[in-house]
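Novice: Below you will find the structure I want to go over with you.
Every read-out reported here was derived from the displayed coordinates using simple, explicitly stated rules and does not represent laboratory data. For clarity, every value in this text was computed on a predicted model and none was experimentally measured. Reconstructed Cβ throughout: ideal geometry from the backbone, glycine too, with neighbour counts over all protein chains shown.
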Number of protein chains: 2
Amino acid sequence: MLNKARLLTPGPTAIPDEVRLALAQPMIHHRKAAFHSLMADCQEKLQTLFGTKQPVLPLSCSGTGAMTAAVYSLFAPGDKVLVIDAGKFGERWGNICRARGLEVVTLSVEWGLAASPEDVEQMLHDEPGIKGVFVQLSETSTGVLHPVEDIAAKVAGTDALLIVDGVSGVSLSPCPMDAWGIDCLVTGSQKGLMLPPGMAFLALSERAWERCLPDPGCFYFNLPAERKKLEKGETNFTSPVNLIQGLKVSLDMLLQDGLEAHFHKQWALTQLVRRSVRAMGLNPFVTRNYAWGLTSVLIPDGIDGIKVVKDCADNHGVFLAGGQDFLKGRIVRLAHMGWADWSDLLAGLYALQRSIIDNGGFSGSHDFLEQGMASYRAAMEGETGKEPLDPHD
Amino acid sequence: MLNKARLLTPGPTAIPDEVRLALAQPMIHHRKAAFHSLMADCQEKLQTLFGTKQPVLPLSCSGTGAMTAAVYSLFAPGDKVLVIDAGKFGERWGNICRARGLEVVTLSVEWGLAASPEDVEQMLHDEPGIKGVFVQLSETSTGVLHPVEDIAAKVAGTDALLIVDGVSGVSLSPCPMDAWGIDCLVTGSQKGLMLPPGMAFLALSERAWERCLPDPGCFYFNLPAERKKLEKGETNFTSPVNLIQGLKVSLDMLLQDGLEAHFHKQWALTQLVRRSVRAMGLNPFVTRNYAWGLTSVLIPDGIDGIKVVKDCADNHGVFLAGGQDFLKGRIVRLAHMGWADWSDLLAGLYALQRSIIDNGGFSGSHDFLEQGMASYRAAMEGETGKEPLDPHD
């Protein structure tokens, strides 16, 4: 009771009260009229969110389930694919593809950097016969935003499908699937969508539907059967009913002022966090091509980032995430996804600063409030964009 | 507002208020201490429910996902298996096994009847090299309860694993996994467990763990990785957090008076429904080996069962299920699973009777209340058992 709990982890994220109460509604049957109309309502909004005219399939699984569905439905063992690997989730694409028996060519990108569209173009040229290119919109382990639009332009002229993991990115920064030419876009419920984990979404382009294998590689993930059932407002197997009940409310909230306004807020929150971090004398781990929902902060040498994360939770009620793999202890990840506003982030930033001080990191505190909020206000009034507002970037 | 909605479908089922409010709790992170202790608490109770000392893995998928996990983890393409097919869900075992590339031998059982353990024994004898036997505890499409204990005794002496789909059965009638010698037991969240759909559970015997393939047939379903994470109170990928929050409450409710008392209630409710149906001049579709959570009722010739189901919903707020496949329109399925008591069933039975009358089925109504409730009271005072109380059976 001393502190309210503030969940600023990159999934699951905090859920609005309105959505939580929707999750507690009485159960309804997934093959009856009331559910069908709920699904129809959500479908239209999901298409707006994905920027697509294609059906957006809700799947009863985590985000990794939807990634599995994409790989096992679109590619057969032996197919050659290109995986852009710039962190834990790029690595996951590779692992799923190898589990499916694909021939994986990897474009390894240093953690903290984004993939170069020219490198993708070069690899597609050097490695003939590539049938698919896999990338993240936002790589959650580092906080990088890959230039998916530009990568899509390079893939467009080839025979390869572009498959984008938007689990940490969809609804946080623009990713209009049809306009950019993405062939498969997946996301999960538990990040920008402000829902509990347990549901994922997947959409395919027309040419991806044509390439979808007739026999699913994994029985549970049968995309043509899902599409057919979706036409009736149903899912192939039992639907995650209460998550769909919550989804209706969360989509209404996200789209309330239009998707652009929501992205604008996400952009401004990112500026708030990045400027504040610099005001403290710290550095964001990602200096260019940063995500709009997650900021990774480099922890000064000699300070244990794991202890900082623990102190934020224990002493301030603020839940952050540490680094993964070789970044363990070296970065702290602060998410600003969906149901987070400037005040939540000020709390998170204060906790971060105080915990670093408590662990011997600074001689004294610095006032990030003024600079951070000035950056936020300027960003809210200005234009969103790919180029960083922060002159240090 | 004229009628309260009463969900008497065989999944999803009604959810207690206590559980619904638990589902609406604030989100917590799935890799932090609060979640670990929640998982530990649930694990102990899940083991009680499954009657096993083995870990019970929570999976983020529907029941069919857990069935897929079992098939793809325990068997490799080309393996020969025996599928007991007595309805839609027996058929599903066959479809999953064929999708996995297994050689499927089918023991076809007439819909409405249970498998004979002697037939299983005979097939295991006639078809050498069978590596797995697949069966339902309760076949949801008919309401049959297969004699799993006796089938397990026949499988025990062989090299085959026994895999049981307990989606419609676990927590509704006894199925102690270790005592009966079941090698793999799966269930779902949305029936006897009184939760929304979206989570499934799977446990393996020691010998099944030894046979578990090192490389998962489907990346998303990696049972050894799930077991390893469960030791820390986690799941392999992102956990369905709010369903686990609800699970804690639903398990507490189910085990409040002991599992036996809960089964006893399920047994008595089954007697209430069966006697009432006979008092109306109708017949249960299953006459022997009936499930304790679901009663299928034969609709008199000339009456459209689909219309009856619709009228129950439209006129009385009672949601029942119709028949599937060739039983469409011929039976109505009334579920008494988990969060249903005698009063809910009286409402369901009244709606059923009234709708049949309205569709020209009877010349007049019959008083089922007295007989049905007498049967219920007698069953609550007597012993539960395999042999039917109802002398007509």
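Novice: Put a label point 7 Å from Cα along the Cβ direction on A:E149, then list its distances to the equivalent points in the other copies in nm, shortest first.
Specialist: Label point to label point, same position, other copies: 6.7 nm.
Novice: Turning to a different aspect of this structure: For the protein assembly as shown, with equal point scatterers placed on the C-alpha atoms only and solvent neglected, what are the log10 I(q)/I(0) values from the Debye formula at q = 0.06, 0.10 1/Å, to two decimals?
Specialist: Treating every Cα as an identical point scatterer, log10 I(q)/I(0) equals -0.39, -1.02.
Novice: Let me ask something else about it. Can you give the mean number of other chain Cβ atoms that lie within 10 Å of the Cβ atoms in peptide A:29-35? Walk me through the numbers on the way to the answer.
Specialist: Details: counts 12, 6, 3, 7, 2, 3, 1.
Shielding by partners across A:29-35 averages 5.
Novice: Can you list residues from other chains, or at least 5 along the same chain, whose modelled amide H is less than 5 Å from the amide H of B:L161?
Specialist: B:G132, B:V133
Novice: From the square roots a ≥ b ≥ c of the eigenvalues of the alpha-carbon gyration tensor of chain B, which class results: rounded (a/c under 1.5), prolate (a/b over b/c), or oblate? Can you show the working numbers first?
Specialist: Numbers: a/c = 1.89, a/b = 1.32, b/c = 1.43.
It comes out oblate by the Cα gyration axes.
Novice: What average count of beta carbons from other chains do you get within 10 Å of the Cβ of residues in B:95-104?
Specialist: Across the residues of B:95-104, the mean count of other-chain Cβ atoms within 10 Å is 2.
Novice: Over chain A, what is the relative contact order in percent, taking alpha-carbon pairs closer than 8 angstrom and at least six residues apart?
Specialist: Details: 821 pairs, mean separation 86.3, N = 393.
Dividing the mean separation by the residue count of chain A yields 22 percent.
Novice: Mind listing the label-point distances from B:D325 to the same position on all other copies, shortest first, one decimal in nm, points 7 Å along Cα→Cβ?
Specialist: 4.8
Novice: If a/c stays under 1.5 just call it rounded; otherwise compare a/b with b/c (prolate if a/b is bigger, oblate if not). Do that for the stretch B:306-349, with a ≥ b ≥ c from the square roots of the Cα gyration tensor eigenvalues.
Specialist: Values: a/c = 2.93, a/b = 1.49, b/c = 1.97.
Because a/c hits 1.5 or more and a/b fails to exceed b/c, the stretch B:306-349 counts as oblate.
Novice: Would you list which aspartates and glutamates come within 16 Å of A:K131, measuring only between C-alpha atoms, while excluding same-chain residues fewer than 8 positions from it?
Specialist: A:D79, A:E103, A:E121, A:D159, A:D183, A:E206, A:E210
Novice: Going by Cβ distance under 4.7 Å, what cysteines of chain A have no possible disulfide partner?
Specialist: Within chain A, the cysteines lacking a partner Cβ under 4.7 Å are A:C42, A:C61, A:C97, A:C175, A:C184, A:C212, A:C312.
Novice: Would you calculate the convex hull of the Cα atoms in the stretch B:1-125 and tell me its volume per residue in Å³? Don't skip to the answer; put the middle values down first.
Specialist: Values: hull volume 23.8 nm³, N = 125.
Spread over its residues, the Cα hull of the stretch B:1-125 gives 191 Å³ apiece.
Novice: Once a ≥ b ≥ c are taken as the square roots of the eigenvalues of the Cα gyration tensor of the stretch B:159-231, is the result rounded (a/c under 1.5), prolate (a/b larger than b/c) or oblate (a/b not larger than b/c)? Spell out each step's value before the answer.
Specialist: On the way: a/c = 2.17, a/b = 1.24, b/c = 1.75.
The shape class here is oblate.
Novice: Of all DSSP beta bridges in the protein assembly as shown, what percent run antiparallel (nearest 5)? Don't skip to the end; give the middle numbers.
Specialist: Working: 41 of 79 bridges.
The antiparallel fraction comes to roughly 50 percent.
Novice: For the stretch B:339-374 and the stretch A:289-315, what is the centre-to-centre distance using only Cα atoms, to the nearest Å?
Specialist: Cα centres, the stretch B:339-374 to the stretch A:289-315: 63 Å.
Novice: Take every Cα pair under 8 Å in the stretch B:167-274 that's 6+ residues apart, average their separations, divide by the length, and report that relative contact order as a whole percent. List each step's numbers first, then the result.
Specialist: Details: 94 pairs, mean separation 27.5, N = 108.
Relative CO of the stretch B:167-274 lands at 25 percent.
Novice: Another one. Quick one: 3J(HN,Hα) in Hz for the stretch B:313-329, Karplus 6.51/-1.76/1.60 with θ = phi - 60°, rounded, Gly and Pro as x.
Specialist: Working through the residues one at a time gives 6, 5, 9, 10, x, 9, 9, 10, 10, x, x, 10, 6, 6, 8, 4, x Hz.
Novice: Could you tell me which of the pairs A:K88/A:K191; A:K248/B:K45; A:K88/A:K307; A:K4/A:K310; B:K53/B:K191 are separated by over 26 angstrom between their Cα atoms in the structure shown?
Specialist: On the way: A:K88/A:K191 17 Å; A:K248/B:K45 33 Å; A:K88/A:K307 22 Å; A:K4/A:K310 16 Å; B:K53/B:K191 23 Å.
Pairs exceeding the cut-off: A:K248/B:K45.
Novice: To check you understand DSSP bridge types, tell me what percent of the beta bridges within chain A (both residues inside) are antiparallel, rounded to 5.
Specialist: Details: 21 of 40 bridges.
Counting only bridges with both partners in chain A, antiparallel ones make up about 50 percent.
Novice: Related question: Roughly how compact is the stretch B:281-339, stated as its Cα Rg over 2.2 N^0.38 Å to two decimals?
Specialist: Details: Rg = 11.4 Å, N = 59, 2.2 N^0.38 = 10.4 Å.
My calculation over the Cα atoms of the stretch B:281-339 gives 1.10.
Novice: Out of all DSSP beta bridges with both ends in the stretch B:20-178, state the antiparallel percent to the nearest 5.
Specialist: Values: 2 of 16 bridges.
Approximately 10 percent, going by the DSSP bridge assignments.
Novice: Assume the label is 7 Å from Cα along Cα to beta carbon: what separations in nm does B:E383 have to the matching positions in the other copies?
Specialist: 8.3
Novice: Still on this structure, I have one more. In whole Å, largest first, what are the principal axis extents of the Cα atoms in the stretch B:255-376?
Specialist: Sorted from largest, the Cα extents of the stretch B:255-376 read 44, 32, 28 Å.
Novice: Need one value for B:212-218: mean number of C-beta atoms belonging to other chains within 10 Å of its residues' C-beta atoms.
Specialist: On the way: counts 0, 0, 0, 3, 3, 4, 13.
Average neighbour count from other chains, rounded to a whole number: 3.
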